[in-house]
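Written below as structure tokens is the structure these notes are about.
The values are calculated or read from the model by the stated rules, or taken from the named source; none is laboratory data. Fair warning: this is a prediction, and the values are worked out from it, not measured in the lab. With ideal geometry, Cβ positions are generated from the backbone for all residues, glycine too; neighbour counts draw on all protein chains shown.
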């Protein structure tokens, strides 16, 4: 099994979110969701906001939210350079939901069309959405077991 | 011997200086703590992203040029150097060290190989960086203001944009960044590092530094991994798949990573600056204390001498009256 392990690392500018040896990783790339298994060909892709799911060595899943960034896949190593990322158990679902509401509200209230503000708000909406999705999926995976 | 009054005045003034340096030391300590925290937080990301970028620069995608920012120029005529210095002085040799380092590495650059007519131009951040122009006469391309407080990535974005544009337009054939690497509180090392074009092999060739120290604030393992990779560089080229397309991915990833590198350099410089200031202020406080001790000794001697003289005078007077 030694060759069936990926050294996985996900970092944001603020911290190292997770560093582990894992079996598989599912990430949302710009082209759609992909799952990386050991011995994947080298790949570089940009990510879109969404949910990252990994399967640890002991078969347990771990769920994270990501707001964008890049993934670099090497033969037995995967590095995710995320803009922001959080593990599902760290996210407060209620607050994530509220934050999304606030962002949507701000979008509605935006009177003048300001390109920069608009994109910023949109970005925070998808980010919060990804966070609450991550929590939901995490809870689901816990319930099944 | 100076009169007791003079000595007393000096003791007082040095005591005041000591109070000031002590206060500055404490301020620097507080700032240092904050900036070290900031620099350590981002280091992993910066290192990993730099590793990624170097890997990408190695990518062997059947000879096609992946991205203009990865292409080496044949002739280096103009070099842009981003220099991080401090806004204020009183931080020991911090600014002198980095400015001299840059100057040296430019000179070395000239001496190596063919006599090159490469011209260096500076983009500085931090007021004290002006010294490159003042003392060495290098041209300044831009002078960005530096905030004193812990900064945001947004602060270096204009620099990143500027160097990328200038590199693409051909104004610069090479872009370097000069900053002070924070090793620990007692040790900071000025470094010059190549930023553009992103080049795995560039390493230290032009940087004028030798040995392990020359490698950017990176972990030992990374250096080792890099050395190993270096050896088998030829056979160990990856063929990367890019999603959606090389152009789109690299267009996004490279500028982003350049920003991160600059930001890291800024943070390293900040942490180094405050540590350097703390150390030099600590020394100043100590020196002031020593001086006060010494002067107190002189003062006592002078006082005693004057008393002795007075007694001698009185007893001499009394003797004369007998």
Residues of the stretch B:23-52 being buried (at least 16 other Cβ atoms within 10 Å of the Cβ) and more than 16 Å from residue A:11 (Cα to Cα), in sequence order, are B:24, B:25, B:28, B:29, B:31, B:32, B:35, B:36
Checking the condition surrounded by 18 or more Cβ atoms within 10 Å (Cβ to Cβ), at pLDDT below 85 and either under 30 Å from residue B:152 (Cα atoms) or more than 14 Å from chain B (Cβ to nearest Cβ) (or both), which residue from A:88, A:45, A:82, A:2 passes?
A:88
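Each row is one residue, and each column tells you yes or no for (1) free of Cβ contacts under 8 Å to residues at least 60 places away in the same chain; (2) more than 14 Å from every other protein chain (Cβ to nearest Cβ); (3) out of contact with any helix residue (DSSP H, G or I) (no Cβ under 8 Å at 6 or more places or on another chain); (4) within 29 Å of residue B:178 (Cα to Cα).
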| position | (1), (2), (3), (4) |
| --- | --- |
| B:242 | yes, no, no, no |
| B:250 | no, no, no, yes |
| B:286 | yes, yes, yes, no |
| B:296 | no, yes, no, no |
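Do we find a residue being under 15 Å from residue B:272 (Cβ atoms), crowded, with 19+ Cβ neighbours inside 10 Å and more than 14 Å from every other protein chain (Cβ to nearest Cβ) anywhere in the stretch B:54-74? Steps first, please.
Filtering the stretch B:54-74 for residues under 15 Å from residue B:272 (Cβ atoms) gives none.
Within the stretch B:54-74, not a single residue is under 15 Å from residue B:272 (Cβ atoms), crowded, with 19+ Cβ neighbours inside 10 Å and more than 14 Å from every other protein chain (Cβ to nearest Cβ).
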Looking at the stretch A:93-124, which of its residues are more than 19 Å from residue A:46 (Cα to Cα) and touching a residue at least 24 places away in the same chain (Cβ under 8 Å)?
A:93, A:96, A:97, A:99, A:100, A:103
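Looking at B:47, B:87, B:95, which one is in contact with a helix residue (DSSP H, G or I) (Cβ under 7 Å, 6 or more places away or on another chain) and in a loop (DSSP other than H, G, I, E, B)? It would help to see each step written out before you state the result.
Working: B:47 fails: in a loop (DSSP other than H, G, I, E, B); B:95 fails: in a loop (DSSP other than H, G, I, E, B).
Exactly one residue qualifies, and that residue is B:87.
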Considering the stretch A:52-79 alone, what residues qualify as being assigned to a loop (DSSP other than H, G, I, E, B) and either over 14 Å from the mean Cα position of the chain (by Cα) or within 11 Å of another protein chain (Cβ to nearest Cβ) (or both)?
A:57, A:58, A:59, A:60, A:68, A:75, A:76
Among the residues of the stretch A:1-51, what is the count of those that are assigned to a loop (DSSP other than H, G, I, E, B) and either without any contact (Cβ under 8 Å) to a residue 40 or more places away in the chain or touching a strand residue (DSSP E or B) at 6+ places or on another chain (Cβ under 8 Å) (or both)?
14
